[in-house]
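Working notes, beginning with the structure itself.
The numbers here are math on the coordinates, done by the rules we state, and not lab data. Not measured: the values here are computed from a predicted model. Virtual Cβ from ideal backbone geometry, glycine too; neighbours counted across all protein chains shown.
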Amino acid sequence: MEAVIPVPAAPTLPVEGTTQVFPVRRIYCIGRNYADHAREMGMDPEREPPFFFGKPHDTVVPGGGDIAYPPLTSNLHHEVELVVALATGGRDIPASEALGHIYGYAVGIDLTRRDLQAKAKDKGQPWDTAKGFDQSAPVSSILPLAAGGHFDRGAIWLSVNGVEKQRGDLSQMIWSVPEVIAHISRFMALAPGDLIFTGTPAGVGPILRGDRVRCGIEGLGELEIVLV
Ligand code: MN
């Protein structure tokens, strides 16, 4: 059937070591999944469990690079995160079977308009303008399981203009990767192509036009963006 408007292109991510791409279906994100970050956001991780939200899939910026500083904010923040890429999905996935649904892993930055997020929290409004804006999800190429295995520990870090701002370890996640997959699949059916941002360690902060942001995960890879 002929479309009445141009059909939007499905975003894709390069797959490390291949000429193939990973098509992106949906992007789920976990909030406050590292206790130190929950505390820096003024929350008590003992009392407030992690939760999830989404970003539109076309917010993905494959491989990073230049990112236009977004409008209507004066407090854009970096959040480096382990990104899980799903090969298969389903509903009510038990945590014990969750790792079997993973295609591979990547490094991502959950860019956040922190000022708009604070206003939304105050008013009990949704986070879409704070989290789901254009180019808000730079993601590295995906390292397939076959090449890198699973990532449940290892350093995760981010620097701005060569100065380290965030450093943590994947083992500090409150919800592990299998628990994250199990949790989301109770609310909606996961499917091939879904990406899950698994939360950020402490040290989030503002970035400005001209800033060069580098981040990485031990054994997985690195990602760099420049705010223009
Ligand atoms: Mn985040």
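Give the stretch 97-115 a look and list any residue that's more than 16 Å from the ligand (Cβ to nearest atom) and touching a Pro at 6+ places or on another chain (Cβ under 7 Å), or say none.
Ala98, Leu99, Tyr103, Gly104
Starting from residues that are in contact with a helix residue (DSSP H, G or I) (Cβ under 8 Å, 6 or more places away or on another chain) and within 15 Å of the ligand (Cβ to nearest atom), keep the ones in the stretch 30-47 and report whichever is farthest from Glu179 (Cα to Cα).
Asp36
So Gly193 ticks every box in (1) buried (at least 16 other Cβ atoms within 10 Å of the Cβ); (2) assigned to a helix (DSSP H, G or I); (3) among the small types (Gly, Ala, Ser) but one. Which box is left unticked?
For Gly193, the exception is condition (2).
Hey, among Gly219, Gly210, Gly168, Gly199, which residue is touching a Leu at 6+ places or on another chain (Cβ under 7 Å) and either assigned to a loop (DSSP other than H, G, I, E, B) or over 17 Å from Ala95 (Cβ atoms) (or both)?
Working: Gly219 fails: touching a Leu at 6+ places or on another chain (Cβ under 7 Å); Gly168 fails: touching a Leu at 6+ places or on another chain (Cβ under 7 Å); Gly199 fails: touching a Leu at 6+ places or on another chain (Cβ under 7 Å).
Testing whether each residue is touching a Leu at 6+ places or on another chain (Cβ under 7 Å) and either assigned to a loop (DSSP other than H, G, I, E, B) or over 17 Å from Ala95 (Cβ atoms) (or both) leaves just Gly210.
Take the conditions within 16 Å of the ligand (Cβ to nearest atom) and touching a His at 6+ places or on another chain (Cβ under 9 Å) and apply them to Leu158. Does it pass?
yes
Out of all the residues in the stretch 29-53, which are among the aromatic types (Phe, Trp, Tyr) and either farther than 20 Å from Ala137 by Cβ or out of contact with any Ser or Thr (no Cβ under 8 Å at 6 or more places or on another chain) (or both)?
First, pick out the residues of the stretch 29-53 that are among the aromatic types (Phe, Trp, Tyr): 34, 51-53.
Across the stretch 29-53, the qualifying residues are Phe51, Phe52, Phe53.
Return a yes/no flag: does the stretch 58-75 have any residue that is within 15 Å of the ligand (Cβ to nearest atom) and part of a strand (DSSP E or B).
Yes; the residues of the stretch 58-75 include at least one that is within 15 Å of the ligand (Cβ to nearest atom) and part of a strand (DSSP E or B).
Based on what the data block shows, is Gln135 of a type in the set (S, T, N, Q) and farther than 22 Å from Pro56 by Cβ?
Details: of a type in the set (S, T, N, Q): yes; farther than 22 Å from Pro56 by Cβ: no.
It is false that Gln135 is of a type in the set (S, T, N, Q) and farther than 22 Å from Pro56 by Cβ.
Answer yes or no: is there a residue in the stretch 82-96 that is more than 21 Å from Ala189 (Cβ to Cβ) and not in a loop (DSSP other than H, G, I, E, B).
Of the stretch 82-96, the ones more than 21 Å from Ala189 (Cβ to Cβ) are 82.
Filter once more, keeping what is not in a loop (DSSP other than H, G, I, E, B): 82.
Yes, the stretch 82-96 contains at least one residue that is more than 21 Å from Ala189 (Cβ to Cβ) and not in a loop (DSSP other than H, G, I, E, B).
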